[in-house]
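No lab work stands behind these numbers, since they all come straight from the coordinates. Computed from a predicted model, the values in this text were never measured in an experiment. Here the Cβ positions follow ideal geometry from the backbone for every residue, glycine too, while neighbour counts run over all protein chains shown.
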2 protein chains.
Amino acid sequence: MGEVLLPGLTQDHVEQLEDRLRTFLGSRELPLYRMMAYQMGWVDQNGEPAMAGEVRHERLHAQLAMSTASALGASPESAIDFALSIELAHHASLVHEDVEDGNTDRAGRPTVWWTWGPAQAINAGDGMQAMARLSLFAILDGSQPRERVSAALEALDDAVLSRCEGEYLDIAYQERLTLSTEQYLEMAAGRTGSLLGGATMLGAVAAGVVDKSVLHAIREFGRKIGAARQVGLDIESLWGERDVSSQGRLISKKKNLAIVYAIEHGDATLRRKLGELYMQRVLDPGMIGEVAALADSAGGRDFCLKSVTGLIDEAQRALSAGGFEGNQQAQLMGCAAALVEVGRNLG
Amino acid sequence: MGEVLLPGLTQDHVEQLEDRLRTFLGSRELPLYRMMAYQMGWVDQNGEPAMAGEVRHERLHAQLAMSTASALGASPESAIDFALSIELAHHASLVHEDVEDGNTDRAGRPTVWWTWGPAQAINAGDGMQAMARLSLFAILDGSQPRERVSAALEALDDAVLSRCEGEYLDIAYQERLTLSTEQYLEMAAGRTGSLLGGATMLGAVAAGVVDKSVLHAIREFGRKIGAARQVGLDIESLWGERDVSSQGRLISKKKNLAIVYAIEHGDATLRRKLGELYMQRVLDPGMIGEVAALADSAGGRDFCLKSVTGLIDEAQRALSAGGFEGNQQAQLMGCAAALVEVGRNLG
């Protein structure tokens, strides 16, 4: 199991969640199941149980849904059905993202497509996305008010669709040199924030919130946290410990806020140097140090740090706008801090 | 528009459906929308309206849902919300299938991935799948009984998941020489039959059927028809008019029932010849005539023709088992005939 535990949750909650995930994914005799179980970290490429500690899985999306429900006065357990669905949707999207970005490694192991080929990975991701939705149908049993069911179903699919919009921008921006920091942050909120926003929204729905403006406020909170998290990862990939999985985006020339800022605000010499590095088909990992130094000299690192703080402030304002104050806000901001992990990312 | 009109439907119904599809997909300001509209045949690669008659689109999945509802006594219009979702799910799966199979052409135009690249195509397919589900949420408005809503939602996602299982087999079988005809037909029912089974099930749900065994019977009808349709396409690709889009599966060495049969039942010489042709990475289109002659000489063509007839009989028995007799059965069997199009395929 992972190391992060969001506020309001105990190790027991996370273990309950893990049991439910395993039971649900194992409930169907699917030939696709082995790839899904591999993605979830339970088995190795041969379908044998993974060694303890081999794969760290935090289940952050599920935890966020459960912690949100808890912050709003419901029990974390009552949100498990909602939490399962967003966690599975997250992993389904990772399976596809790894094909799209050409990532060979994730969580210290070969990715699904690198192991079974792109065709099987695309298909397994589709199957996993269908499983994500089917997992939510437990709430169709009549025990939940009808409007809560509708809100949950739409929250899940809206989050998935919104993530696709962010991913579209991320891919489209890959071959562009000029991009504004605003465009970058919009992409990051969509790509990394949509499913976190879905998690907070599902947690709130589980806790009985039905007012649309309140639900939208808590979704906005999740989206801002997601954007902040992405910027934190951008900092990590340039100035953190050098490892393959944090640098995949850089190598495939996915945009990084520090570099976007440097190209937007640097002088002509710096822009030309970064431009030359970025004209290569893929970025040589050996050049990352040079890119980092150039971005730093143009103020890219400082801008990222300020952006993280700014996005966390915006997340807090979204909570206030939704009427979440006091202890509720405190617990949710605790989630925000854990998810952004600014301290750890900056080493 | 297309040429096929399933029993019980008028041109007006198909136009209503098309209007609803356009309105629904156009209802969100999505950067992904252009790729979706291209896949649906409405625009060209630049987003300009496609020329009239440029792309033939039959909307067979939607038509089947509406015709099924009509056969069971409901109006086709009452099934439109259900029909939209399965049609969009079908196109979402085509977008991914074209990446998985490396198809460069579909309906006489370059495929989405061939136009925008695999990363954007994978992502656009994901977005379209989310839109398929969101389109079904129109029935969450309270106008439909709760159990009907649950049944419809599960029918859609079960069909999508089941299709992934069939696709998994299709990809896994690609590099295998030996395969039984039973294994082939199981794959075909999953890969091609799942969404048609989803269409018949959704049509029945729209018409008010709630009994699970009856719903499963009509789904089985759709699955059998799908398998028959796949076998018809297999015949077409070997003995029909030679064109790229019908031969994509052959070229990428996806299994074909006639060849599976020939390898299972042919003599050693024939098996060796087919084996040599199939040892190539992709099959040379110029060799298809030779493959067809070899398969024919081993009885592969006759076996396919018999299989189509047998599957249509099984489809009819599924209807009888579900209690669909008389006019209901006659209309549904009319759908089956149109979908399998044996006559035209063997043209």
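Rg and Dmax over the alpha-carbon atoms of the protein assembly as shown stand at 26.0, 81 Å. Comparing A:G289, A:G41, A:G102 in a Gaussian network model of chain A, where Cα atoms under 10 Å apart are tied by springs, the biggest mean-square fluctuation is seen for A:G289. For the range A:105-121, the Karplus equation 6.51 cos²θ - 1.76 cosθ + 1.60, evaluated at θ = phi - 60°, returns couplings of 10, 8, 6, x, 9, x, 6, 4, 5, 5, 8, 10, x, x, 4, 5, 5 Hz by residue, with Gly and Pro reported as x. Comparing mean-square fluctuations of A:G26, A:G326, A:G310 from a GNM of chain A with C-alpha springs under 10 Å, the top value falls on A:G326.
Near A:V43, the amide H atoms lying under 5 Å from its own belong to A:Y38, A:A50; only residues 5 or more places off or on other chains count, and H is placed 1.01 Å from N.
Applied to the range B:321-329, the Karplus parametrisation 6.51 cos²θ - 1.76 cosθ + 1.60 on θ = phi - 60° returns per-residue 3J(HN,Hα) values of 4, x, x, 8, 10, x, 4, 4, 5 Hz, with x for Gly and Pro.
For the cross-link pairs B:K224/B:K254; A:K255/A:K306; A:K273/A:K306, the ones whose C-alpha atoms lie over 22 Å apart are A:K273/A:K306. Which part of the range B:40-79 falls in the paramagnetic zone of B:T115, meaning amide N under 15 Å from the point 7 Å along Cα-to-beta-carbon? What the label zone holds, given the 15 Å backbone N cut-off, is B:40-57.
With the simple spin-label model, which puts each label point 7 Å out from Cα in the Cβ direction, the A:A293 to A:A107 separation comes to 3.7 nm. Within the range A:1-37, which residues have the backbone N less than 19 Å from the label spot 7 Å out from A:E48 along Cα→beta-carbon, could you tell me? Counting backbone N atoms under 19 Å from the label point, the list is A:34-37.
With its label point defined 7 Å out from Cα along the Cα-to-Cβ axis, B:E48 lies at 6.0 nm from the matching points of the other copies, in increasing order. Estimated from helical segments only, the mean residue ellipticity of chain A at 222 nm is -22500 deg cm²/dmol, where each DSSP H run of four or more residues counts as -39500 (n - 2.57).
Put in order of Cβ neighbour count within 10 Å, fewest first, the listed residues A:K212, A:K253 become A:K212, A:K253. The Kirkwood radius of the range A:11-345, taken over pairs of alpha-carbon atoms, gives through the Stokes-Einstein law at 25 °C and 0.890 mPa s a diffusion coefficient of 120 µm² s⁻¹.
Using a 7 Å projection from Cα along Cα-to-Cβ, the label point at B:K306 is separated from the same position in the remaining copies by 7.9 nm, smallest value first. Structural descriptor for the range A:11-345: relative contact order 18 percent, calculated from alpha carbon pairs under 8 angstrom and at least 6 residues apart. Here A:T192, A:T200, B:T309, A:T269 are placed in order of increasing Cβ neighbour count within 10 Å, fewest first, which gives A:T269, B:T309, A:T192, A:T200. Listed by Cβ neighbour count within 10 Å, with the fewest neighbours leading, A:V210, A:V231, A:V340 appear as A:V210, A:V340, A:V231. Placing R0 at 22 angstrom, the Cβ-Cβ distance between A:R56 and A:S246 gives a FRET efficiency of 0.95 after rounding to 0.05. Note on A:A138 and A:K306: the extension gain reaches 56.2 nm, defined as 0.36 nm multiplied by sequence separation minus the Cα-Cα distance.
Working note: Karplus 6.51/-1.76/1.60 with θ = phi - 60° gives the range A:268-283 the couplings 4, 4, 5, 4, 5, 4, 5, x, 4, 4, 7, 6, 5, 5, 10, 7 Hz, where Gly and Pro are set to x. In the range B:191-347 the Cα-Cα distances spread across 10 Å bins starting at 0 as 11, 36, 27, 18, 8, 1 percent of all pairs. Annotation: amide H of A:D105 within the under-5 Å range of A:T111, sequence separation 5 or more or interchain, hydrogens built in the peptide plane.
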